[in-house]
Amino acid sequence: MGLIRRVNPSAIRRFLESQSSAGLVLMAAAASALVIANSPLGPDYETILHAYVGPLSVAHWINDALMAIFFLLVGLEIKREVLDGQLSSWPRRVLPGIAAAGGMMVPALVYLALNTGPTAAGWAIPAATDIAFALGVIALLGNRVPASLRIFLAALAILDDLGAVMIIAIFYTAKLSIPDLAGAAAAVMVLIGFNRFGVRRLTPYLLVGAILWVLVFRSGIHATLAGVILAFTIPMQCTPSRPDWDSDSPLHTLEHALHLPVGFLVVPIFGLANAGVAVLTLPAEALVAPVTLGVALGLLLGKVTGVFGFSMLAVRFGLADMPAHAGKRQLLGLALLCGIGFTMSIFITLLAFPGNQILQAEAKLGVLAGSFLSGLLGYALLRSVSSAPEQADALP
């Protein structure tokens with residue numbers, strides 16, 4: 001029996017509760033960053049972020065090193081869900097997969113409709129969903145949101161994260177260093193060897209993973225992808241003699257150990273370091289700049305259109321079923337929450353416009369505006385409907 005089939009309700013509940021609480025902490029961190037950046041402490045805030053600690057600035061340590069731990073957890077969650085979770089079979093993947101595809105394509109098209117030339121590099125910024133933020137909003141709604149919709153959101157976000165990782169690897173990779181890339185490939189082979197030969201202790205994986213991070217950092221590929229690569233090599237079985245997945249496996253052990261520090265430390269620190277946009281000092285035209293509008297409308301309109309529209313088409317043509325006990329308006333409210341793209345959207349902003357403080361500020365402003373409005377509208381819609389779907393919502 002699989003882990004999800006044996007302890008599915010409690011495992012899902014723990015995951016959703018931790019993600020929801022982490023989302024609330026992230027909201028507080030983002031709000032604090034905005035207040036600090038627009039207060040007399042703003043210059044000190046910038047000075048601290050650009051201060052060097054060893055070979056890297058504080059901002060680089062956060063965005064390149066600390067966030068590698070976040071991506072390690074993302075990779076572990078992707079692997080677990082694909083092997084033995086909500087994405088372990090094609091019927092389970094269809095609806096969240098179609099919704100995730102629509103939720104990435106349509107926002108990108110909305111952005112590109114408003115941006116050409118150099119600013120077109122930010123097309124992927126509105127294509128990501130922040131599950132912690134979205135679940136934080138859902139936590140405020142209590143039982144108004146069916147459990148099936150929460151699980152659907154978690155599965156959609158996992159696929160969304162996988163898409164974002166692929167986008168970063170393919171489209172936001174700088175000039176490559178072949179020797180370091182070869183060294184990184186050798187480190188990956190060692191990790192695969194550990195897995196193949198039945199190494200179940202985490203220490204060897206983490207030590208080689210640290211070496212892999214250094215090599216990937218120097219290779220030109222974004223260093224955080226080392227976390228995802230490492231995650232995919234962590235074994236999910238306890239022993240070779242046991243064919244079933246076990247809750248004490250290296251993957252589950254590491255994932256459980258990372259949930260709290262990532263949710264309550266890593267991601268809030270990232271938010272505190274990157275959400276601080278000095279709005280009061282921005283020129284008025286920044287509010288209607290193509291980048292600002294492209295990101296904001298991509299999240300607010302593109303996400304809901306892509307997620308809800310593609311989901312309805314999948315249901316209409318018999319490719320998938322609606323989440324149990326959920327109506328169309330509830331799905332629409334959830335699709336609005338998918339427009340909260342805070343963490344991954346800001347992360348991609350830093351990759352899309354490296355060193356361009358003006359475009360980064362405009363993109364972050366768009367992320368904050370689009371995410372806030374999406375969250376507010378999604379919350380309002382979900383709060384206005386009961387936990388059971390109305391008869392009028394039923395599809396013919």
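The values are calculated or read from the model by the stated rules, or taken from the named source; none is laboratory data. Only a predicted model underlies this, so the values are computations on that prediction, with no experimental measurement involved. Heads up, the Cβs are rebuilt from the backbone with ideal geometry, glycines too, and the neighbour counts pull from every protein chain shown.
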Checking Leu109 against (1) under 24 Å from Leu254 (Cα atoms); (2) in contact with a Gly (Cβ under 8 Å, 6 or more places away or on another chain), only one condition comes out false. Which one? (1)
Out of the residues in the range 87-104 that are of a type in the set (A, V, I, L, M) and more than 28 Å from Val216 (Cβ to Cβ), state the one that is surrounded by the fewest Cβ atoms within 10 Å (Cβ to Cβ). Val94
Tabulated pairs, the range 341-367, first of a type in the set (D, E, K, R), second surrounded by fewer than 21 Cβ atoms within 10 Å (Cβ to Cβ), C-beta under 6 angstrom, 6+ apart or interchain: Glu362/Ala286
Among the residues of the range 206-241, which ones are in contact with a Ser or Thr (Cβ under 7 Å, 6 or more places away or on another chain) and assigned to a helix (DSSP H, G or I)? Arg218, Ser219
Take Pro179 and decide whether it is buried (at least 20 other Cβ atoms within 10 Å of the Cβ) and not polar (S, T, N, Q). no
Count, please, the residues in the range 105-114 that happen to be aliphatic (A, V, I, L, M) and crowded, with 17+ Cβ neighbours inside 10 Å. 4
Which of (1) crowded, with 22+ Cβ neighbours inside 10 Å; (2) under 16 Å from Phe342 (Cβ atoms); (3) not β-branched (Val, Ile, Thr) is the odd one out, the single condition Leu149 does not satisfy? (2)
Is it the case, given these coordinates, that Ile138 is over 28 Å from Gln360 (Cα atoms), among the β-branched types (Val, Ile, Thr), surrounded by 20 or more Cβ atoms within 10 Å (Cβ to Cβ) and touching a residue at least 60 places away in the same chain (Cβ under 8 Å)? yes
Checked against (1) among the acidic types (Asp, Glu); (2) closer than 21 Å to Phe372 by Cβ; (3) in contact with a Leu (Cβ under 8 Å, 6 or more places away or on another chain), Glu285 satisfies every condition except (3)
Within the bounds of the range 221-239, is there any residue that is more than 25 Å from Ala59 (Cα to Cα), in contact with a His (Cβ under 8 Å, 6 or more places away or on another chain) and either in contact (Cβ under 8 Å) with a residue 12 or more places away in the chain or not β-branched (Val, Ile, Thr) (or both)? yes
Quick one: which of Leu368, Leu332 is of a type outside the set (Phe, Trp, Tyr) and under 16 Å from the mean Cα position of the chain (by Cα)? Leu368
Qualifying positions in the range 264-291 - among the polar types (S, T, N, Q) and crowded, with 23+ Cβ neighbours inside 10 Å: Asn274
Select the helices (runs of 4 or more DSSP H) contained entirely in the range 121-204, then report the ones holding at least 1 residues which are under 24 Å from Ala320 (Cβ atoms) and touching an Asp or Glu at 6+ places or on another chain (Cβ under 6 Å). 147-171
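Take Thr203 and tell me if it is of a type in the set (Val, Ile, Thr), at pLDDT 90 or above and surrounded by 14 or more Cβ atoms within 10 Å (Cβ to Cβ).
Working: of a type in the set (Val, Ile, Thr): yes; at pLDDT 90 or above: yes; surrounded by 14 or more Cβ atoms within 10 Å (Cβ to Cβ): no.
No: the conditions fail for Thr203.
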Just to verify a result, which residue in the range 98-120, among those that are in a helix (DSSP H, G or I) and among the hydroxyl-bearing types (Ser, Thr, Tyr), is farthest from Leu300 (Cα to Cα)? Thr119
Exactly one condition in (1) more than 20 Å from Ser371 (Cα to Cα); (2) modelled with pLDDT of 90 or more; (3) not β-branched (Val, Ile, Thr) is false for Ala296; which is it? (1)
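Conditions (1) closer than 23 Å to Val307 by Cα; (2) surrounded by 24 or more Cβ atoms within 10 Å (Cβ to Cβ), marked per residue:
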position	(1), (2)
Val58	no, no
Ile62	no, no
Phe71	no, yes
Leu76	no, yes
Glu81	yes, no
Gly85	yes, yes
Thr116	no, no
Trp123	yes, no
Thr129	yes, yes
